[in-house]
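Chemist: Pasting in a structure now, in structure tokens, and then I'll have a few things to ask.
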Amino acid sequence: MSCYWDGYRWVQEAGRVCPESEKCKVSYFTILGLLRVSPQAVVASKHTNLWDLPIAVPSYLYPADLPSPMEILLATFTTLFSVVNPFGAMPVFLTLTEQETPSQRKQIGLRACLYMIGVLSVSFFAGQYVLNFFGINIHHLRIAGGILLMRSAFDLLTPGGNRDRVSPAALEESKHKDDISFTPLAMPMLSGPGSMAVCISLFTGRLSFFDMALIFLGFVLVALASYIILMSSLRLTRFLGRPGMSALARIMGFITLAIGVNFLATAIKALFPGLSS
């Protein structure tokens, strides 16, 4: 009876834990549920190469090297950038800073992006421990995060849908605040529940310190791109206009929807491995 990796251990199709002779060490990096098998995953006993491993991994993943540093960095950046969607924060940023000077706008945008790095980093490094404290499985979080991302995506895809991340009352209250960089800009505009759920899902116990550093660098790159977009928001809004902003929102919504579906499907497949057999 073949064995497969359920996200935590090697198990047989009947749900029993595989014997030691059937296990193999696996090193994987999970981004959107992607399972990678390391070259060290060769079983010392009867399996002589990676093509003979008894694991339920699609054949297109069989180039069995670990993700390269560039793959980790790009996967982190592209996934988070589409979920953060700094283009959606431009109208709020312009509304709340219309009375500010250009230098003050730069300071507010810089602080907001630094706060965003802090929120994403705390979610990445401490989120798993919070889940363990409350007894929440990582796959349960991926299901909840997938539903949340899909809901946000539908709001972006639906004409006239509710695209406001901040309520009108909260927006009016923010106009009288001395510092808007943390709320509402950093939270929830740039680092909301969806991006926090993505960061928590990125963390696994098999990540090396170098992998973690690359993921953190991905957070920094997303913040840098968000800062550039916020600083260029006035010119972008004039250049794109309302039709361009609407089209851009739909593109970002479609990408976010795909990420949410992938989150949901990966978690369901891990919780119910019999469905994929």
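What follows is calculated from the coordinates using simple rules that are stated; it is not laboratory data. All values reported here derive from a predicted model rather than from experimental measurement. Reconstructed Cβ throughout: ideal geometry from the backbone, glycine too, with neighbour counts over all protein chains shown.
Chemist: Taking the inverse of the average 1/r across all pairs of different Cα atoms in the stretch 195-239, what Kirkwood radius in Å do you get?
Modeler: The Cα-based Kirkwood calculation yields 12.4 Å.
Chemist: What order, most packed first, do the peptides 112-122, 133-143, 76-86, 241-251 have when packing is the mean number of other Cβ atoms within 10 Å of each residue?
Modeler: Going by the mean number of other Cβ atoms within 10 Å, highest first, we get 76-86, 112-122, 133-143, 241-251.
Chemist: Also, I was wondering about something else. If packing is taken as the average count of other Cβ atoms within 10 Å, what order do 144-151, 203-210 fall into, highest mean first?
Modeler: So the peptides 144-151, 203-210, ranked by packing, come out 144-151, 203-210.
Chemist: Now for a separate question. So how do ILE255, ILE72 line up by other beta-carbon neighbours within 10 Å, fewest first?
Modeler: So the ranking, lowest neighbour count to highest, is ILE255, ILE72.
Chemist: Take peptides 89-98, 217-226 and line them up by average Cβ neighbours within 10 Å, highest first, as a rough protection proxy.
Modeler: Packing order, densest peptide first, comes out as 217-226, 89-98.
Chemist: Could I ask something else about it? Got a sec? Which residues in the stretch 225-259 would a label at THR78 touch, if it sits 7 Å along Cα→Cβ and we count backbone N under 17 Å?
Modeler: Residues passing the 17 Å test: 251-259.
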